[in-house]
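Q: Just passing along the structure, written as structure tokens.
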Amino acid sequence: MARVKYRGIMYSKYSTHLGNSLVLFHSRGDKSLAPIPASIMGIRRKRGQYEAVIRRQKPLPSNSSDPFGMYPHFPAK
């Protein structure tokens with residue numbers, strides 16, 4: 001599938017729409033851990049449920065500065 005609308009939000013695979021493929025997920029579903037940025041590489045329907053194949057984003061090197069740090073009211077990092 002190229003895209004799916006779920007709970008009012010449009011999700012797309014990376015090759016269909018880069019912006020709609022960007023997600024955050026919690027490792028092993030553990031919400032006490034920091035969310036991990038990723039891209040949706042594929043979407044499929046399995047047994048009546050949607051399943052997304054995701055790939056983690058490459059982390060910034062530790063000596064990099066946060067490019068969004070100058071925007072304190074913009075919730076990105």
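The values are calculated or read from the model by the stated rules, or taken from the named source; none is laboratory data. The model shown is predicted, which means the values in this text are computed figures rather than measured ones. Quick reminder, even Gly has a Cβ in these numbers, built from the backbone with ideal geometry, and neighbours come from all protein chains shown. Side chains included, ligands, DNA and RNA excluded: accessible areas come from the protein's heavy atoms. Shrake-Rupley method; radii C 1.70, N 1.55, O 1.52, S 1.80 Å.
Q: Using a 1.4 Å probe on the protein chains only, how many percent of the accessible area of the chain belongs to carbon and sulfur?
A: Details: 3640 of 6670 Å².
That fraction is 55 percent.
Q: Give me the distance in nm between label points sitting 7 Å out from Cα along the Cα-to-Cβ direction at Arg45 and Lys77, one decimal.
A: Label-label distance for Arg45 and Lys77, simple model: 3.9 nm.
Q: Now a separate question. Which chymotrypsin sites (Phe, Trp or Tyr not before Pro) from the chain combine a DSSP loop assignment with at most 13 other Cβ atoms within 10 Å?
A: Working: sites: Tyr6, Tyr11, Tyr14, Phe25, Tyr50, Phe68; in loops: Tyr14, Phe68.
Those satisfying the criteria are Phe68.
Q: Provide, for q = 0.21, 0.22, 0.23 Å⁻¹, the log10 of I(q)/I(0) from a solvent-free Debye sum over equal Cα point scatterers in the range 26-76.
A: Once normalised to I(0) and log-transformed, intensities are -0.99, -1.03, -1.06.
Q: Considering amide H positions built from the backbone, and no H for Pro or chain starts, which residues 5 or more places from Val53, or on another chain, come under 5 Å of its amide H?
A: Amide H neighbours of Val53: Met41, Gly42, Ile43, Arg44.
Q: Okay, moving on. Solvent-accessible area per residue for the range 23-77 at a 1.4 Å probe radius, Å²? Provide the component values of the computation, followed by the final result.
A: Working: 4960 Å² over 55 residues.
So the range 23-77 comes to 90 Å² accessible per residue, rounded to a whole number.
Q: Given a Förster distance of 35 Å, report the FRET efficiency between Val4 and Asp66 from their Cβ-Cβ distance, rounded to the nearest 0.05. List each step's numbers first, then the result.
A: Numbers: r = 32 Å, r/R0 = 0.90.
Approximately 0.65, to the nearest 0.05.
Q: Can you tell me what the convex hull of the Cα atoms of the range 1-56 projects to on average, as an area in nm²?
A: On the way: hull surface 16.4 nm².
Mean orientational projected area (the range 1-56, Cα hull): 4.1 nm².
Q: Residue farthest toward the positive end of the dipole of the chain, with Cβ of Lys/Arg at +1 and Asp/Glu at -1: which of Asn20, Pro72, Gln49?
A: The residue sitting most towards the positive pole is Gln49.
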